[in-house]
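The values are calculated or read from the model by the stated rules, or taken from the named source; none is laboratory data. Keep in mind that what you see is a predicted model, and the values were worked out from it rather than measured. A quick note on method: Cβ atoms are made from the backbone with ideal geometry, for glycine too, and the neighbour counts reach across all protein chains shown. Note: areas computed on protein heavy atoms with side chains; ligands, DNA, RNA excluded. Shrake-Rupley method; radii C 1.70, N 1.55, O 1.52, S 1.80 Å.
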Amino acid sequence: MISSTLIWAAIAVFAVVGVLIALAARRENTGTAADYYLGGSRLGGLVAGLSYGATTYSAFMLVVLTGLTYRGGVGALGFELIYFAGLSLLVIFAPRFWLAGRKWGFISPAEMIGARYGSAAVARLMAVVSLVFLLPYCTTQMAGIGLLLSGVTGGKISLTAAVATGAGLALLWTLLAGLRSVAWTDAAQAGVMLLSALFAVGFAIAAIGGPGAFVDATLASHGQWLDLPGPGLWSLPTFIALALPWFFFAVSNPQVSQRLFVARDFAAMRRMIVWVLLFGFVFTLIAVIWGFAALQLAPGLENTALATPALLTSGAIPVVVAVLLIIGVLSAAISTLDSIALTVGSMVARDMIGAGASDTRQVFAGRLVVVVVIVFAAGFAIDSARVVDQLAALSAAGLLVTVPPIVGAFFWRRGTAAGALACLGGGAAVAVWLAMVQGVSVFNPWLAASVAGVSIGLFVAVSLLTQPRPKSLDFSEALREDLALHNVW
């Protein structure tokens, strides 16, 4: 086990550095809602890309994905590469989000979609749906922090203390300076995540005997883990169930799609995409290799979510590197948590209260929502009630309901506000009913397929039966010249 005193000392240093970065970021704030939620849309490509990467590649990677690799083998790599392939959607949607944001001054994705369909009700419903289905994802980040810190210290750091620490840091950095604070700390945290994981994987492989011995040992003792469908977890239905929602993550999750508004110019936005792709590819390989290393150095785990704590305390990883990786996972969780809270806050401020409210009121409302979201998620992470597991099943599939209206906003001029409302409301109701009432597992493709099918069907059918509103925007026509200017497909 690792000394809890050492870990608390490392967290203290990490917190102080983060606060100093956040305070430096605060000096750049102008006090407007656009500045608080988007950093004034003046971020460079590197900071924007690392912030995006830290937000999307969360504690899921070295806690959940590593555990899935430990349990089911190389299928986890295929699943995550499907998500990585989904990042190709950025090539299509990032320029359109950025251009629309600049042209009309959008701050939240829900605000943009509401304006496209000429309906404040669409914006409000999309904000509510995002809030409902993002809360389980927040809970997952909190639980990841608790699982890691408790696991590596043998319970000397309690789940409550670990979750409270993560919640406190996320609150502090988000409230201090909004997106600019979050982005700057995210960029620093992305570096910690990547470097610590690379060092740890290197030492794990060295402990086995080097790359060649690592491959030979895996083939000899866990050859089935390198074949599909693997030792039991992965099957085609399970693969589809997990991969389908994650492919659309870059579009469906507002905490990452909002990042498409923040680049200072078109060139920075393109550099952001490159940095995201590079970061994501490397981190995916690290998480999967880490899982295979755990099979060799920490065999026989019943709870595969403990693969990372078990490997860190196996003796193969030097204590300094292990502590650094713990800070990296903590960074990953916090970066995702504060980004989600800030995005939900911006949606409430812009889409519930309204863009006509004063900047002071919008920022205050957003800060209040940030506190509520993080405290609520922390409470659910600490609580071991069954409802947490059921909510987790909603997170991946639930946000699929936002995809048809977003795709339609840019590529189907016939889409209507009524169709978007039916899609969001009907699809969300199906997701809640299947997961909460029927108890359909996230590993069952029926959940994601039903939500996607109902959402698409309602959007298309109701749109064809109704007419676009007179005040709706025509993105495809209004952005045509700008897209051509920048050679965007």
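Each peptide in 423-429, 401-407 gets a packing score, the mean of other Cβ atoms within 10 Å over its residues, and the list from highest to lowest is 401-407, 423-429. Each peptide in 49-56, 147-154 was scored by the mean count of other Cβ atoms within 10 Å over its residues; highest first, the order is 49-56, 147-154.
Relative to the longest principal axis of the Cα atoms of the chain, helix 319-347 runs at roughly 20 degrees.
Leaving out ligands, DNA and RNA, what percent of the accessible area of the chain is carbon and sulfur, probe 1.4 Å?
The nonpolar share, carbon plus sulfur, comes to 69 percent.
Solvent-accessible surface (1.4 Å probe) assigned to residue 474 amounts to roughly 50 Å².
Would you mind calculating the gained length between residue 221 and residue 278 on full extension (0.36 nm times residue separation, minus the Cα-Cα distance), in nm to one decimal? Could the numbers behind the result be given before it?
Values: separation 57, 0.36 × 57 = 20.52 nm, distance 3.18 nm.
Full extension of this stretch gives 17.3 nm more.
Rounded to the nearest 20 debye, the dipole magnitude of the chain is 1060 debye, with +1 charges on Lys and Arg beta carbons, -1 on Asp and Glu beta carbons, and the Cα centre as origin. Counted by Cβ distance under 15 Å from residue 417, the other residues give a net charge of +3, where Lys and Arg count +1 and Asp and Glu count -1. Annotation: peptides 274-287, 459-472, ranked by per-residue average of other Cβ atoms within 10 Å with the highest first, follow the order 274-287, 459-472. Accessible area per residue for the chain is 36 Å², calculated with a 1.4 Å probe on protein heavy atoms, without ligands, DNA or RNA. With all protein chains in place and ligands, DNA and RNA left out, the 1.4 Å accessible area ranks 156, 103 as 156, 103, largest first.
Rounded to the nearest 500 deg cm²/dmol, what is the calculated helix-only ellipticity per residue at 222 nm for the chain, with -39500 (n - 2.57) per DSSP H run of length n ≥ 4?
About -24000 deg cm²/dmol.
Working from Cα positions, state the angle (0 to 90°, nearest 10) between the long axis of helix 89-104 and the longest principal axis of the chain. Long axis of 89-104 versus the principal axis of the chain: about 40 degrees. Given their separation in residues at 0.36 nm each and the Cα-Cα distance between them, residue 24 and residue 358 gain 117.7 nm when the chain is fully extended.
Rounded to the nearest 10 degrees, the angle from helix 386-398 to the longest Cα principal axis of the chain is 60 degrees.
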